[in-house]
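The values are calculated or read from the model by the stated rules, or taken from the named source; none is laboratory data. Keep in mind the model is a prediction, meaning the values are calculated, not measured. Backbone-built Cβ (ideal geometry, glycine too); neighbour counts: all protein chains shown. Each accessible area value is taken on the protein alone, full model and side chains, heavy atoms only, with ligands, DNA and RNA left out. Shrake-Rupley method; radii C 1.70, N 1.55, O 1.52, S 1.80 Å.
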Amino acid sequence: MLKTDRIYVAGHRGMVGSAICRALIREGFSNVVTRTHRELDLLDPKAVREFYETEKPDVAIIAAARVGGIGANSAANALFLYENEMIAMNTVWAAAEAGVKRLLFLGSTCIYPRMAPQPIPESALLTSELEKTNEGYALAKISGLKLCEFLRRDRGLCYHSLMPTNLYGPGDNYDTVNGHVLPTMIRKFETARMNGDATVPLWGSGSPLREFLHVDDLASACLFALSLDNPPDLMNVGSGEEVSIRHLAETIKSATGCTAEISWDSSKPDGTPRKLCDTSLIRSLGWRPEISLEAGIVRIVADYRRELKEGTIRL
Ligand code: GDP
């Protein structure tokens, strides 16, 4: 990727897309092309095709998606499948048709089977059944990465994918029903602290194991992957730090200074029991994460308070 390349970032207003834009600008890639949802509907194949034909980007980074936590996904698998499938097919296929030379597609490690070996290597893809709570999202992301792989094989286009683990960072969605666990916990503990509540209700048993990556580390992995001449089709991106949901809750509780008791609601789902990705492939090529979970949580609590004060927070 050259500093003068025209780089289209799909989903630039989201947590991931905005982190990628910040990283691109910081590294001197000034020719970044973006479109808001209102300006370009990624569910519309004709509009997406016209966009690529007019703008002729050299590189496309697909960070647009309908995302949500376990609650949102399990309540609307059809919607998550439909919208993410359409976004993936439209943005990747039309890029190929318009002659975009390089494309990076972003997914999530929920593409892997529920009972995949841990840590999950890229080779676990499609070896057994998916986790039911987010099957729609996973199927759409698998289609997207496969389309990239097939276009590379069929047409020699350098289209490849990164699958990040659970992400968090500035601009996250703090919706306590539909959001992911980490931002939801930040909001719940902050709200309880401010209201002086006695308890904080959390979901499930607290025993599932998860891995979390700060979105600025993902952005650095994206630029790293795009700097490779012959990148692997698919690479995992994670921190390698595995924690229980219970440990996550205790860490966030102490970072916010909240003193309320945690109450676990076993009527809510635990989801997949363990989700740690094997990042030896990207690490062997030279990429490393830089933000530990502890340091990242301190940063995100400050970001949450700033976004709340500025009125820019997504709730
Ligand atoms: P997942 O990693 O794809 O399963 O999705 P999430 O980011 O929503 O994380 C879900 C895990 O966190 C499950 O084990 C939940 O039981 C647990 N969890 C605990 N409290 C909460 C909460 O308030 N919201 C969410 N989304 N998950 C929670």
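Restricting to the chain, what percent of DSSP beta bridges are antiparallel, rounded to 5?
10 percent
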Long-range lysine pairs (8 or more apart or interchain), the chain, Cα under 18 Å: 12
Integer Hz, Karplus 6.51/-1.76/1.60 couplings in order for region 116-133, x for Gly and Pro: 5, x, 10, x, 7, x, 4, 5, 6, 4, 6, 9, 6, 5, 7, 5, 5, 5
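Rounded to the nearest 20 Debye, what is the dipole magnitude of region 267-310 about its Cα centre when Lys and Arg each give +1 and Asp and Glu each give -1 at the C-beta? Provide the component values of the computation, followed by the final result.
Values: 9 positive and 7 negative charges, 11 e Å.
Using only the charged Cβ atoms, the result is roughly 60 debye.
If you average over every viewing direction, what projected area does the convex hull of the Cα atoms of region 203-242 give, in nm²? Could you put the intermediate results ahead of the total?
Values: hull surface 15.6 nm².
Computed as one quarter of the Cα hull surface, the answer is 3.9 nm².
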In sequence order, calculated HN-Hα J values of region 163-179 (Karplus, 6.51, -1.76, 1.60; Hz; x Gly/Pro): 10, x, 6, 4, 10, 8, x, x, x, 5, 9, 9, 5, 6, 9, 9, x
For region 146-175 versus region 108-136, the gap between their alpha-carbon centres in whole angstrom: 15 Å
Spin-label proximity, LEU308 to region 257-295 - amide N less than 18 Å from point 7 Å beyond Cα toward beta carbon: 257-262
Long-range HN-HN contacts of LEU167 with modeled amide H, under 5 Å: LEU213
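Just the ratio, please: alpha-carbon radius of gyration of region 133-285 over 2.2 N^0.38 Å, N its number of residues.
On the way: Rg = 18.3 Å, N = 153, 2.2 N^0.38 = 14.9 Å.
For region 133-285, the normalised Cα radius of gyration comes out at 1.23.
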Environment charge of GLY179, counting only residues whose C-beta is closer than 12 Å and scoring Lys/Arg +1, Asp/Glu -1: +1
Size of charge dipole - region 1-70 - debye, nearest 20, with Cβ of Lys, Arg +1 and Asp, Glu -1, no other charges: 220 debye
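Net charge within 12 Å of ASN84 by Cβ-Cβ distance, Lys/Arg positive one each and Asp/Glu negative one each, not counting ASN84 itself?
On the way: positive: ARG66, LYS141; negative: GLU83, GLU85, GLU135.
Surrounding charge for ASN84 is -1.
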Electrostatic dipole magnitude of region 70-220 [Cβ: Lys, Arg +1; Asp, Glu -1; Cα centre; debye, to 20]: 240 debye
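How much of the accessible area of the chain, probe 1.4 Å, is carbon plus sulfur, in whole percent?
Numbers: 7060 of 13600 Å².
The nonpolar share, carbon plus sulfur, comes to 52 percent.
Report relative contact order for the chain in percent, whole number only (criteria: Cα-Cα under 8 Å, sequence separation at least 6).
Relative contact order of the chain: 19 percent.
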Long-range amide H partners of TYR159 with built H, under 5 Å: LEU103, ARG152
Extent along principal axes [Cα atoms of region 131-217; Å; largest to smallest]: 60, 29, 20
Theoretical FRET efficiency, 1/(1+(r/R0)^6), r = Cβ-Cβ of GLU55 and THR199, R0 45 Å, to 0.05: 0.30
Per residue accessible area in Å² of region 67-187, where ligands, DNA and RNA are left out and the probe is 1.4 Å: 35 Å²
Between region 220-283 and region 1-56, the alpha-carbon center distance in angstrom: 26 Å
Per residue, the convex hull volume that the Cα atoms of the chain enclose (Å³): 124 Å³
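Can you give the percent of C-alpha pairs in region 58-108 whose distance is more than 12 Å?
Details: 818 of 1275 pairs.
That fraction is 64 percent.
Please list the equivalent ellipsoid semi-axes of region 74-181, computed as the square roots of five times the alpha-carbon gyration tensor eigenvalues, in descending order and whole angstrom.
Values: eigenvalues 120, 61, 37 Å².
They are 25, 17, 14 Å, listed from largest to smallest.
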Whether region 93-135 is rounded, prolate or oblate, judged on the alpha carbon gyration tensor where a/c under 1.5 counts as rounded: prolate
Kirkwood Rh in Å, taken over region 207-315 so that all alpha-carbon pairs contribute: 16.2 Å
Cα lying deepest toward the dipole's positive end in the chain, options ASN195, ALA76, PRO121, charges on Cβ: ASN195
Backbone HN-Hα couplings from phi across region 18-32 [Karplus 6.51/-1.76/1.60, Hz, Gly and Pro as x]: 5, 5, 5, 4, 4, 5, 4, 4, 4, 8, x, 8, 9, 9, 9
As computed over region 1-122, the Cα convex hull volume per residue (Å³): 128 Å³
Solvent-accessible area per residue for region 1-48 (1.4 angstrom probe, square angstrom): 55 Å²
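Give the relative contact order (percent, whole number) for region 102-215; include only Cα pairs under 8 Å separated by 6+ residues. Don't skip to the answer; put the middle values down first.
Values: 123 pairs, mean separation 30.6, N = 114.
Once normalised by length, the contact order is 27 percent.
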